[in-house]
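Just below is one structure, and these are the notes that go with it.
The values are calculated or read from the model by the stated rules, or taken from the named source; none is laboratory data. Just so it is clear, the model here is predicted, and its values are computed rather than measured. Cβ coordinates were reconstructed from backbone atoms using ideal geometry, including for glycine residues, and neighbour counts include every protein chain displayed.
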Amino acid sequence: MDRRALLERSYHAALEAVAPARLLAPYLNEPRPDLVLAFGKAALPMLRAALEAYPGVPGLAVPPRGTPDLSAPDAAEVLPGSHPVPDEHSVRAAERALTRVRALPEDARLLVLVSGGGSALLSAPWGVTLAQKGALTRDLLRAGADIGEINAVRKHLSHVKGGRLAAATRAHVRALLISDVIGDDPSVIASGPTVPDPSTFAEALGVLDRYGLEVQEARAHLTAGARGELPETPKPGELPHVENTIIGSNRVLLEAAHSFLEAQGVRSVILSDTLAGEARDLAGFHASLISSVRDHGTPFRGPLVLLSGGEATVTVRGEGRGGRNQEFALWLLHDLGERGVHALSAGSDGIDGNSDAAGAFLTPDSLVRARALGLDPRAFLTRNDSGSFFTMLEDALVTGPSGHNLNDYRAVWVE
């Protein structure tokens, strides 16, 4: 059995099993909406599925710029935005979305389809310029801030996030969300534009303090809000005309992979869908577990595939190419050394960090092959250049944008 090929098949099979249209299907039997608004990495497949169920209903989709297929039904507008850093296209999309939802009467129905990436794609800066907000987002990402921290800041520098989009309309709002965050908190997904926001201006200011970011304009705005000089985001109980439902998550993705592998006669175990922290630390945890299974048969007896998800983070110190999934794979190679394994670490959205790859493969001879090419894993890790390493090793998984976003996918075959 070709283990590498099977791990790749498990990734694609899992994504196909939880395709946005399949996730949406059970929820599209409600009364016909008057407008469908979709934004995020899965915006277009979600919009197409909804408008197939509700032909003739007008729609607006905000997908990432560079999405391969931007086609949509005639009744729909498509305004691509930028991800992970918003640009003027993201601002134009947010302004258009606000205009359209504000125009809906009180007896209208608005269907909002939300997926990961929506926070950057739908951007309406408040208190800062677009350039200042973009620079702050980059600084937070480079500092290793997690998605919850980043969103707490972005919600309080936005006219749409933190429930403000839903607060802008009198219509009944039904939001269906695909989660790309650990714990599936709807207030965190795409910065919760339809969800009451429990975070505060003071908490957002605390994030800047925690990472030592001296950004004058943002600090002035957040300080004014913390003093009560600006209106807070809607809090729980303040959006009675809104209902939010999560229809997909990383757990669903891992369960689909588990079912696929079991159907192939390969035993698998889902470790967790909530693993977080530095990619280096997550790799160390997996390396210890792999050694325990191989050497002692605990806590599982091999052979089997260990599945895990969640979201790693990377504190960037170098100028290399790659992302958290390739960084995880390279640290795992570093920690296992010559006792390698077949493994795949990839993002479900098809793009890992600033590289063109979704992730990377490991094979038991990865280190031997790397040495033969004169590649030192530690040197590449020092400059955060995992993407270059796996490209040179011809072990990068390149898929292009998947039109989905259900967080990370890791599969490790332990003999």
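Among the residues of region 1-59, which ones are of a type in the set (Gly, Ala, Ser) and under 26 Å from residue 341 (Cβ atoms)? Result: 5, 10, 13, 14, 17. With respect to (1) modelled with pLDDT under 95; (2) touching a Pro at 6+ places or on another chain (Cβ under 7 Å), the lone exception for residue 189 is condition (2).
For region 236-286, filtering for residues that are hydrophobic (A, V, I, L, M, F, W, C), within 22 Å of residue 2 (Cα to Cα) and part of a helix (DSSP H, G or I) leaves 6. Exactly one residue out of 38, 17 is over 13 Å from residue 403 (Cβ atoms) and of a type in the set (Gly, Ala, Ser): that is 17. From the list 240, 186, 196, the lone residue that is under 20 Å from residue 101 (Cβ atoms) and within 18 Å of the chain's Cα centre (by Cα) is 186. Can you name every residue in region 118-135 that is within 14 Å of residue 220 (Cα to Cα) and part of a helix (DSSP H, G or I)? Scanning region 118-135 gives 132, 133.
Report yes if residue 378 is in a loop (DSSP other than H, G, I, E, B), among the basic types (Lys, Arg) and either on the phi < 0 side of the Ramachandran plot or surrounded by 24 or more Cβ atoms within 10 Å (Cβ to Cβ) (or both), otherwise no. Judged against the criteria, residue 378 is not a match.
Restricting attention to region 1-57, the residues being in a helix (DSSP H, G or I) and either touching a residue at least 40 places away in the same chain (Cβ under 8 Å) or not hydrophobic (A, V, I, L, M, F, W, C) (or both) number 28.
Annotation for region 55-74: no member residue is under 15 Å from residue 160 (Cβ atoms) and surrounded by fewer than 19 Cβ atoms within 10 Å (Cβ to Cβ).
From the list 353, 387, the one residue that fits, being closer than 18 Å to residue 11 by Cβ, outside the structural domain of residue 66 (by TED's automatic domain parsing) and part of a helix (DSSP H, G or I), is 387. Among the residues of this structure, residue 106 does not count as one that is farther than 15 Å from residue 48 by Cα, assigned to a helix (DSSP H, G or I) and not hydrophobic (A, V, I, L, M, F, W, C). When residue 185 is tested against the conditions (1) of a type in the set (D, E, K, R); (2) over 23 Å from residue 225 (Cβ atoms); (3) part of a loop (DSSP other than H, G, I, E, B); (4) touching a helix residue (DSSP H, G or I) at 6+ places or on another chain (Cβ under 9 Å), the lone failure is (2). Looking only at residues in region 20-40 that are at pLDDT below 95 and either of a type in the set (Asp, Glu) or touching a His at 6+ places or on another chain (Cβ under 8 Å) (or both), the one that is farthest from residue 329 (Cα to Cα) is 30. Looking at region 162-182 only, could you name the residues that are part of a loop (DSSP other than H, G, I, E, B) and within 13 Å of the chain's Cα centre (by Cα)? Listed by number, the residues that qualify are 179, 180, 181, 182. Among residues of region 269-294 being surrounded by 20 or more Cβ atoms within 10 Å (Cβ to Cβ) and closer than 13 Å to residue 414 by Cα, the one that is nearest to the chain's Cα centre (by Cα) is 286.
Being assigned by TED's automatic domain parsing to the domain that holds residue 84, among the β-branched types (Val, Ile, Thr), within 15 Å of residue 112 (Cα to Cα) and modelled with pLDDT of 95 or more is the requirement here; does residue 207 meet it? No: the conditions fail for residue 207.
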